[in-house]
Protein chains: 4
Amino acid sequence: MKNTATLLVICPDTKGIVAAVGEFLYRNGANVLHADQHQDGERQLFLMRVEWDLRGFTLDLDEFDRRFSPVADRFQMRYRVERSSRPFRVALFVSKYDHCLVDLLYRHHSGELACEIPLIVSNHPDAQKWADFYRIPFHVLPVTAQNKDAAEAKQLALLAEERVDLIVLARYMQVLSPRFVEQFPQRIINVHHSFLPAFSGARPYHRAFERGVKLIGATSHYVTDELDEGPIIEQDVSRISHRDGLEDLIAKGRDLEKVVLSRAVRWHIDNRVLVYDRKTVIFD
Amino acid sequence: MKNTATLLVICPDTKGIVAAVGEFLYRNGANVLHADQHQDGERQLFLMRVEWDLRGFTLDLDEFDRRFSPVADRFQMRYRVERSSRPFRVALFVSKYDHCLVDLLYRHHSGELACEIPLIVSNHPDAQKWADFYRIPFHVLPVTAQNKDAAEAKQLALLAEERVDLIVLARYMQVLSPRFVEQFPQRIINVHHSFLPAFSGARPYHRAFERGVKLIGATSHYVTDELDEGPIIEQDVSRISHRDGLEDLIAKGRDLEKVVLSRAVRWHIDNRVLVYDRKTVIFD
Amino acid sequence: MKNTATLLVICPDTKGIVAAVGEFLYRNGANVLHADQHQDGERQLFLMRVEWDLRGFTLDLDEFDRRFSPVADRFQMRYRVERSSRPFRVALFVSKYDHCLVDLLYRHHSGELACEIPLIVSNHPDAQKWADFYRIPFHVLPVTAQNKDAAEAKQLALLAEERVDLIVLARYMQVLSPRFVEQFPQRIINVHHSFLPAFSGARPYHRAFERGVKLIGATSHYVTDELDEGPIIEQDVSRISHRDGLEDLIAKGRDLEKVVLSRAVRWHIDNRVLVYDRKTVIFD
Amino acid sequence: MKNTATLLVICPDTKGIVAAVGEFLYRNGANVLHADQHQDGERQLFLMRVEWDLRGFTLDLDEFDRRFSPVADRFQMRYRVERSSRPFRVALFVSKYDHCLVDLLYRHHSGELACEIPLIVSNHPDAQKWADFYRIPFHVLPVTAQNKDAAEAKQLALLAEERVDLIVLARYMQVLSPRFVEQFPQRIINVHHSFLPAFSGARPYHRAFERGVKLIGATSHYVTDELDEGPIIEQDVSRISHRDGLEDLIAKGRDLEKVVLSRAVRWHIDNRVLVYDRKTVIFD
């Protein structure tokens, strides 16, 4: 298991940032494993990700903020430091379609997703068997127009109790309220079964079929108050032809949804995603 | 140069169509080179394309309609027969962006597009040099809000004079009037620089850039009265990242536009496209 | 559940085949659902797939051979008829890497693969838990250089007992003997973790990494006596960059292997694959 | 026209490199536009590309080597500095297939390739018309087994006279001698019409067709003494089916060859390519 720290920075673009950060890390004995940066010329922003090995790093990470503050202040940085030894705690939300859930659980099981999954939440009992197989607590909380507030309150209580950092909507078919969403800014990942912004909203495969598109897509994105309008993390497409009926679109779409959602989750828990405005930078 | 005939059929789906068409062609000595059919289960439609070698075919094609009418009537067919010896006459329309025009001209020159190109029409003089190089008559017809009717009348006169079968809008930046479009139903191919229905209308690359999509696309489609709403012929996409600025999107998009438009033109002149409702069948 | 029959034909290309087959099916009341054909101009071969609804079909399928033989004889056809009511019986072989196995089991469970899976065979005990979860008998048969003949004899006995039609090697790491392979001609599907013919043989990801390719691939194919040389059913690729280490190639490759193998299995059990020479036709 | 400098570095991976380079550039007033780096963990190598605006840079670039040498020596760097004001001088070599040549010339003409093209060399006269159109000197040097040495000597003289930095083999069908190649190490880019290492050598499309692959590819790479074994710069693939004859493979392949070669040329002249061992790093 690797023992690294990752620094994510966003600040106005100016001279000397790389030199200052590089000097700070070098002075404290950091063995840099990955470093990537990006300048957004239009918005005059500088974005950076640095990951370093904590072996040999002479600074206690609990002291990082205090010691790094001169650099951060000088360049007006927003930043955060994550450590691999404290893995993300991820809650999976699911309804009836279980392909994304099953895919994520297997990837977690096989070591592809370095996080903890303390619970699965569903508004239907159907996915119980997968939770049992992987020995993850499963909470059925039916949601109706009437009980939505109460149901979300229960969900939030569970999430708080389990100290959840990230919510993954694995084809969870309920729209979360603004009150819920604001508790997890840029911490809720959804998969939409279309190539956004095409076919946002309901029944995207039906509408793609009717429109006669030649490619179908899927999109993973952070959830915001505006439905299907949050920052896009990943998209992919698959070719279809007139021979594909609606059922074929749905089947091909499932494979897209799985890869697009699992990539988003992996990048998030690897601290590879930076959000600004309505866009994401994915550091590779 | 091949000497073939191609039959395209659309009719209600019922039993016996293949047997009847097959028997008709066989009786007249057709050596079938390609045959493809499609049943649209939802709409209960049968669609077919058959191409056969005219060597050994004992029926004069001018007699085809009269002799085929019992079959056509029995199955309520809409159909047409095209012969390769009568290549499509294609007009290219262009404005200032010339990459699609240059691409189509080279493909035609190298034998990839088996059609005739009797004229190029533009609202700007810029593309004259390409027309000269390939020795194709070039007509500059500036279009303004004031002279649009007169300009289109001149265009239509030129197209009639040259007996044009197909108009290709190779990044032609003027919207054609309904009066113009109705003269060429399913005979005008446009390329739109987005993955329709996403970013229909103006400035799609700018909007794709602002939205932060992870793939950009291009779409070729038949022109109808509704802007960017005609039947889609072909689409393709290309991956982009946060490192791609607006200029990079536009550059990557050019390569998409070229392939997406040239495929549509080739399929149309090879009689591989059947339109029904708002969709296309592309027989391969 | 659909109740259809599928006819697959290969014969020398000549005039009248479509008419004759179409007339035969029409005369017996077939409601054709899908028909596809292909002419291989180089080899002068005609290949066809027709699927029809058995409701309304007036011919007992057990009588098919006798009644169809005049047509078959006239055109020197090799053909077979399959019925959807008799699903393929598929054996899955696996070693330690379980991602393809788990993927196939889930697809089967969710109705995507219309076959029966009466057994799983492995040379390691690791996959037992998946077999248990899906309630499929699991047979551990360790294979060594010494016991290989005996182990294969036991495998063949199991396959015979379970009347297996198709063997799927889901990352089964043992090479089957020619004696074994000849029992299942074009009935063993393997997945190779490279874009064949590149990197055939051992350790393809290592060699791809060393060679510095920019795309990695996976290939599903029928097993023949020549290792990795059998007819290719499906291939796909994924982009990599210098940032991808060997472990990343292997992880990305897993997703390729899953889709490439599951497509091959689905096409085979849907009777969409025709093999001739060393190639396949995939009827869509 | 941009006025930038680009530094490319390769050295053993150790602590402090980024800090040292960053500090050096900052001290001299560099406004960094793009910076990218890569650590090859296996080989313990550090690779970096930095591009900065020369406006405000206080160091004369002719002095760069002298001033940078303490940093370079300390970290045992191999490095080079390129300036955008001194564009690459590129020679295009072509035989009869002209699609790559025409594509590159158009991209250059439209501003997509920021280089100079002082000459085109061919062993056939066919491409003269394109050279004339774009007003580029065209040299016909027929090559036979007998005159190969003399022909290459003439080519080398032309290249020296025109101070050529980069040779692009745009489907040039002659194998260059080791003597020739060693004059332009990592300065000759070839396009091979297959997905290397599959189908290296002669007639790749024929062999791909015979093998029945489901995807065809193209590869651009640096030329070394070993045929088709040089470091790969870019690869791409296109899906084919049994319906594609050999001619279709060749036609689809042309589009692959064009994009794969033009990307390699653009990346090379943008100083985005670093070669080490037999691999490339493409800084994006």
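A few remarks follow.
- Some residue of segment D:211-229 being surrounded by fewer than 19 Cβ atoms within 10 Å (Cβ to Cβ), assigned by TED's automatic domain parsing to the domain that holds D:A127, free of Cβ contacts under 8 Å to residues at least 40 places away in the same chain and closer than 30 Å to C:H38 by Cβ: yes
- Which numbered condition A:T224 fails, given (1) modelled with pLDDT of 95 or more; (2) part of a loop (DSSP other than H, G, I, E, B); (3) within 9 Å of another protein chain (Cβ to nearest Cβ): (3)
- Test set (1) assigned to a helix (DSSP H, G or I); (2) under 22 Å from the mean Cα position of the chain (by Cα); (3) surrounded by 16 or more Cβ atoms within 10 Å (Cβ to Cβ) - D:L156 fails condition number: (3)
- Single residue of segment A:133-148 satisfying the filter (out of contact with any Leu (no Cβ under 7 Å at 6 or more places or on another chain) and either β-branched (V, I, T) or within 13 Å of chain C (Cβ to nearest Cβ) (or both)) that is least open to solvent (accessible area, probe 1.4 Å): A:V143
- Going through (1) in a helix (DSSP H, G or I); (2) modelled with pLDDT under 95 one by one, C:D248 falls short only on (2).
- From A:A151, A:A198, residue being in contact with a Pro (Cβ under 8 Å, 6 or more places away or on another chain) and either within 12 Å of chain B (Cβ to nearest Cβ) or assigned to a strand (DSSP E or B) (or both): A:A198
- Among the residues of segment B:85-107, those that are within 16 Å of the chain's Cα centre (by Cα) and either among the β-branched types (V, I, T) or part of a loop (DSSP other than H, G, I, E, B) (or both) comprise B:P87, B:F88, B:V90, B:V94.
- No other residue among B:L101, B:L113, B:L105, B:L176 is outside the structural domain of B:L47 (by TED's automatic domain parsing) and touching a strand residue (DSSP E or B) at 6+ places or on another chain (Cβ under 6 Å) apart from B:L101.
- Of everything listed in (1) farther than 20 Å from D:E116 by Cα; (2) in contact with an Asp or Glu (Cβ under 9 Å, 6 or more places away or on another chain); (3) not charged (D, E, K, R), the single unmet condition for D:I233 is (2).
- Subset of segment A:175-195 (residues that are part of a loop (DSSP other than H, G, I, E, B) and within 24 Å of A:E116 (Cα to Cα)): A:L176, A:E182, A:Q183, A:F184, A:P185, A:Q186, A:R187
- Of the residues in segment A:238-253, at least one is without any contact (Cβ under 8 Å) to a residue 12 or more places away in the chain, more than 9 Å from chain B (Cβ to nearest Cβ), open to solvent by 10 Å² or more (accessible area, probe 1.4 Å) and hydrophobic (A, V, I, L, M, F, W, C).
- Of everything in segment D:116-132 that is open to solvent by 20 Å² or more (accessible area, probe 1.4 Å) and assigned to a loop (DSSP other than H, G, I, E, B), the residue that is farthest from the other protein chains (Cβ to nearest Cβ) is D:P125.
- Comparison of D:L25, D:L113, D:L105, D:L47 shows that the only residue that is over 25 Å from D:V275 (Cα atoms), out of contact with any Cys (no Cβ under 7 Å at 6 or more places or on another chain), surrounded by 18 or more Cβ atoms within 10 Å (Cβ to Cβ) and not acidic (D, E) is D:L105.
- Selection within segment A:233-259 - within 11 Å of A:A218 (Cα to Cα) and hydroxyl-bearing (S, T, Y): A:S238
- Taken together, B:V281, B:V275, B:V260 contain a single residue that is within 12 Å of chain A (Cβ to nearest Cβ), assigned to a helix (DSSP H, G or I) and open to solvent by less than 30 Å² (accessible area, probe 1.4 Å), which is B:V260.
- Which listed residue is acidic (D, E) and over 18 Å from B:A264 (Cβ atoms), from B:E152, B:E112: B:E152
- Against the numbered list (1) within 23 Å of A:S85 (Cβ to Cβ); (2) free of Cβ contacts under 8 Å to residues at least 12 places away in the same chain; (3) within 15 Å of the chain's Cα centre (by Cα), A:E161 comes up short only at (3).
- Across segment B:83-101, a minimum of one residue is classified as without any contact (Cβ under 8 Å) to a residue 12 or more places away in the chain and away from chain C (no Cβ under 14 Å).
- Every residue from segment B:166-189 that is open to solvent by 50 Å² or more (accessible area, probe 1.4 Å) and within 23 Å of B:W267 (Cα to Cα): B:E182, B:Q183, B:P185, B:Q186, B:R187
- Residue within segment C:201-218 that is under 27 Å from C:H108 (Cα atoms) and either touching a Phe, Trp or Tyr at 6+ places or on another chain (Cβ under 6 Å) or of a type outside the set (V, I, T) (or both) present: yes
- Selection count where residues are open to solvent by less than 70 Å² (accessible area, probe 1.4 Å) and over 19 Å from A:Q186 (Cβ atoms), scope segment A:72-82: 2
Residue-by-condition table, conditions (1) assigned to a strand (DSSP E or B); (2) free of Cβ contacts under 8 Å to residues at least 40 places away in the same chain; (3) surrounded by fewer than 16 Cβ atoms within 10 Å (Cβ to Cβ):
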position: B:A5; (1), (2), (3): yes, no, no
position: B:V9; (1), (2), (3): yes, no, no
position: B:T14; (1), (2), (3): no, no, yes
position: B:D36; (1), (2), (3): yes, no, no
position: B:G56; (1), (2), (3): no, yes, yes
position: B:P70; (1), (2), (3): no, yes, yes
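The values are calculated or read from the model by the stated rules, or taken from the named source; none is laboratory data. Since the structure is predicted, the reported quantities are computational estimates derived from the model, not experimental observations. Cβ: placed from backbone, ideal geometry, glycine included. Neighbour counts: every protein chain shown. What goes into the accessible areas is simple: the full protein's heavy atoms, side chains included, and nothing from ligands, DNA or RNA. Shrake-Rupley method; radii C 1.70, N 1.55, O 1.52, S 1.80 Å.
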